[in-house]
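S.K.: So that we are looking at the same thing, I have put the structure below in structure tokens.
The values are calculated or read from the model by the stated rules, or taken from the named source; none is laboratory data. Just so it is clear, the structure is predicted and the values come from calculations on it, not from any experiment. Positions of Cβ are generated from backbone atoms using ideal geometry, with glycine treated the same way; all protein chains shown enter the neighbour counts.
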């Protein structure tokens, strides 16, 4: 009943409009479009986004806004005029339309070659439905998609077909279209809309867009000629219809023809940008798989376009606040970057760990978040170019608020802590089957759910290559652990193990840690004497990175420095007790994990409530032996897949 009432309202309005002269309708529509520009903020912003993608590098912000306004006015004028034109005889319609290069189509028909017309939503595109039966001289058809209101749909179909145009519903398949083309007819297909999951991802105005390959598929199947046609507004109640020469050539693939069609349509739009239908979401971000490598038709780049030429798809990744967790998430960053050739990765991270991301070549930009203020973080993100997507690695409500307040249109992450209302794409938790998986898979699962095409286990690669001067004998020692004392091996045992190594090999121990580890550092340094340099609490993260690079290996607890070393390709001897190396061990090969299973570990507590038996079980001798076993093997190395060796 509601659909019928809407239909009656539509027919009544159409009847009133058809009573007005065409020039008056054009003027009225121009004013209605201006009012729509004022009122419809959602569509105004969509049009501005689309126009900015197409012309942002060519026009000033003021010119872009002016173009949006002119588009609304031109769209209103053409839509109202189309109501009257649809009821006019074709001969009278021709009085308002100038047709150029029509012979490009006629010569194909005269040669018995069918024609697939590649059409676009330019100006009064409904003129093709009115005029093609008149000027085509053969059977002509178009492929259409039903309108939601069946009464309006029946009326529109009746009006479009009254001059002899045949209509084929897309849902009925394309066999009838193929039969028409093989009989020498012509079919017009609107080819400039977002094609969804079934489209080919190829550049449109330099940005990847899902594009229908249907015109190319039909042309290849039936040996039809591909010709593009467009309508431009020439004045008040006046239009121009232009046909291009045939643009398909022998040897073209479906992919190359689809890309050619996009290039031609883009040139048509450049001629009269206010005429195109900018309020359609042409560069829609697909959900859930906006990483494109698993799409059926995939991605196609013409030979004249490289990945550097593509306009970027900007992804903001809100990284963890902790150094270790940030390093563990690097494989996921790499998977996301590999997910589409136009991916531009910006990592937002606390200032204290932001410089770690300089080590990851897949990261294009870094946003250091200073202090603890939410508004400062939001302003820092807003100062960047507009992001298409924000991927939130931490599960906190705070980071979701950052992305929401910064105006990122797609916000992706796990459900987290009471924040699902701030996300518009929730990543389902990975099913926990079998033995515990490394925490890296927690982040890699996000990349997988967003469309990265890879076996998750194959992606845990450090890929760090370093060149160590073997004449140097520096060994790093990190005796602390920020999480709490339950993760710290006994300081006196660190000193004993370091002394045992120094007694057998000419090494220089360098202590690293935070200011909270100062007392431990002094205790160890005093025991080692001249063979030790105490850098605890004295290094920035950049300095720590530079100094770790010069070390042959790192002896450590389960710490963020351990993960930083593995990212740098530095071999690690790691002592575990209250935590589980299967979950948080160093990524890559060449590492040694020392841990003894006791009945109460892993407990994941900050402080041991009993007798610290898990750490006491690790002896000085086995730690010293582990370090000495690695020293002769230190060479120029590259990481490989996790997990590490364990004892």
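S.K.: Which of the residues belonging to the stretch 215-226 are crowded, with 18+ Cβ neighbours inside 10 Å and over 15 Å from residue 258 (Cβ atoms)?
M.R.: Correct list: 222, 225.
S.K.: Tell me which residues, restricted to the stretch 170-183, are out of contact with any helix residue (DSSP H, G or I) (no Cβ under 7 Å at 6 or more places or on another chain) and either part of a helix (DSSP H, G or I) or touching a residue at least 60 places away in the same chain (Cβ under 8 Å) (or both).
M.R.: 170, 171, 172, 175, 176, 179, 180, 183
S.K.: Name the residue that is nearest to residue 41 (Cα to Cα), counting only residues in the stretch 276-297 that are at pLDDT below 90 and crowded, with 19+ Cβ neighbours inside 10 Å.
M.R.: By that ranking, first place goes to 295.
S.K.: Would you confirm, using the coordinates I've provided, whether residue 72 is closer than 23 Å to residue 261 by Cα, within 40 Å of the chain's Cα centre (by Cα) and not assigned by TED's automatic domain parsing to the domain that holds residue 261?
M.R.: Judged against the criteria, residue 72 is not a match.
S.K.: Condition test on residue 379, is it closer than 30 Å to residue 57 by Cβ and out of contact with any strand residue (DSSP E or B) (no Cβ under 6 Å at 6 or more places or on another chain)?
M.R.: So residue 379 fits the description; yes.
S.K.: Also, quick follow-up: Would you confirm whether any residue within the stretch 570-578 is closer than 20 Å to residue 357 by Cβ and outside any helix (DSSP H, G or I)?
M.R.: Checked against the condition, which is being closer than 20 Å to residue 357 by Cβ and outside any helix (DSSP H, G or I), the stretch 570-578 yields at least one hit.
S.K.: Considering only residues that are touching a helix residue (DSSP H, G or I) at 6+ places or on another chain (Cβ under 7 Å) and in a helix (DSSP H, G or I), look in the stretch 508-543 and name the one that is surrounded by the most Cβ atoms within 10 Å (Cβ to Cβ).
M.R.: 524
S.K.: Residues that are over 17 Å from the mean Cα position of the chain (by Cα) and at pLDDT 95 or above: list the strands (runs of 3 or more DSSP E) wholly contained in the stretch 341-458 that include at least 3 such residues.
M.R.: In the stretch 341-458, the matching strands (runs of 3 or more DSSP E) lie at 365-369.
Residues are listed down the side, and each one gets a yes or a no for (1) buried (at least 19 other Cβ atoms within 10 Å of the Cβ); (2) in the same structural domain as residue 249 (by TED's automatic domain parsing); (3) over 37 Å from the mean Cα position of the chain (by Cα):
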| site | (1), (2), (3) |
| --- | --- |
| 80 | yes, no, yes |
| 102 | no, yes, yes |
| 110 | no, yes, yes |
| 117 | yes, yes, no |
| 122 | yes, yes, no |
| 126 | yes, yes, no |
| 129 | yes, yes, yes |
| 134 | no, yes, yes |
| 141 | yes, yes, yes |
